[in-house]
1. Could you give me the radius of gyration and the Dmax of the stretch 120-238, taking only the C-alpha atoms into account and expressing both in angstrom?
2. Figure the gain on full extension for Thr235 and Thr170 (residue separation times 0.36 nm, minus the Cα-Cα span) and round it to one decimal in nm.
3. At Tyr27 and Asn208, where each label point lies 7 Å from the Cα along Cα→Cβ, what is the point-to-point distance in nanometres?
4. What ranking do Leu172, Leu30 get, fewest neighbouring Cβ atoms within 10 angstrom at the top?
5. Filter Lys87/Lys192; Lys105/Lys138; Lys87/Lys216; Lys24/Lys195; Lys197/Lys229 down to the pairs with a C-alpha to C-alpha distance above 31 Å, please.
6. Output the direction-averaged projected area (hull surface divided by four) of the convex hull of the alpha-carbon atoms of the stretch 147-202, in nm².
7. Taking neighbour counts of Cβ atoms within 10 Å as a proxy for exposure, in what order, fewest first, do Thr175, Thr137 appear?
8. To the nearest 0.05, how large is the calculated FRET efficiency for Thr73 and Lys118 if R₀ is 30 Å and r is the Cβ-Cβ distance?
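Where a number appears in this text, it was derived from the coordinates with a stated rule and is not lab data. Please read these numbers as outputs of a predicted model, since none were measured by experiment. Virtual Cβ from ideal backbone geometry, glycine too; neighbours counted across all protein chains shown.
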Amino acid sequence: MNFDNFSSIFIANWKLNGDIQFIKEYYQKLIPSNNNCVVVCPPNIFLHQLKTNNSNLFSGAQDVSIYNEGAYTGEISAAMLNDNNIKFCIVGHSERRQHFNESNKAVNLKSINLIKNKIIPVVCIGETLEEKEKKITKDVLLKQINESIPAISNNQNTIIAYEPIWAIGTGLTPTLDDIDEVHSYIRNIDKKFNKFKILYGGSVKSSNSADINQIKNVDGCLIGGASLKVNEFNTIIS
Ligand code: 13P
């Protein structure tokens, strides 16, 4: 996808929330702005209920199988998502890494399957509070990037989302300087990441999103809790 037409990318991660009535009301009120790319990621069963326009409003999945087909009860493949007009898929979210033992290797495989099916993996990386306190954030991110992002990834087919785990759902965020430093570090790990879109996630709200988005190395946000309140999300994406 050519992201150059967009000023910023905003991805709503609804996690395990939402129902049909919620979606109806949400899309009556949602105002996607023309110059930003907006992606809404509901639980898979609701993907079909969402409105998309294939220009600035898209739907995304929150996960995908590492398998392409076969006897894997409960799984959904990248080809199936593609068949349903899904253009984005979050992979390696810390909640999946933590609760479902998702490894860097699995994230890498999932990303390859997605890219081959013309879906953009949004690869999540981030450090725990303990790792931050031990001052090993950069080492942790380097390992996650090296192992999770496949060789076939480029700035048109893959997005990176930096989500410090200690900032998710806590109301805490790194300072603006710290976000800039980490994003700049990621960008410079390898020449190929220079032009990647790098999103920030973790306690993004309408009250801090403008400041975060102004950071030079931030290309948009991945939003959890605040994306469930449509008026708040409208402010973030406006
Ligand atoms: P919060 O915005 O609720 O902190 O969640 C962030 C997140 O995990 C998005 O993927």
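1. Values for the stretch 120-238 (Cα only, Rg and Dmax): 13.8, 39 Å.
2. Extending this stretch completely gives an extra 21.4 nm.
3. Once both label points are built, they end up 3.2 nm from each other.
4. By the 10 Å Cβ count, ascending: Leu172, Leu30.
5. In this structure, Lys24/Lys195 exceed 31 Å between Cα atoms.
6. Answer in nm², one decimal: 4.2.
7. Thr175, Thr137
8. 0.70
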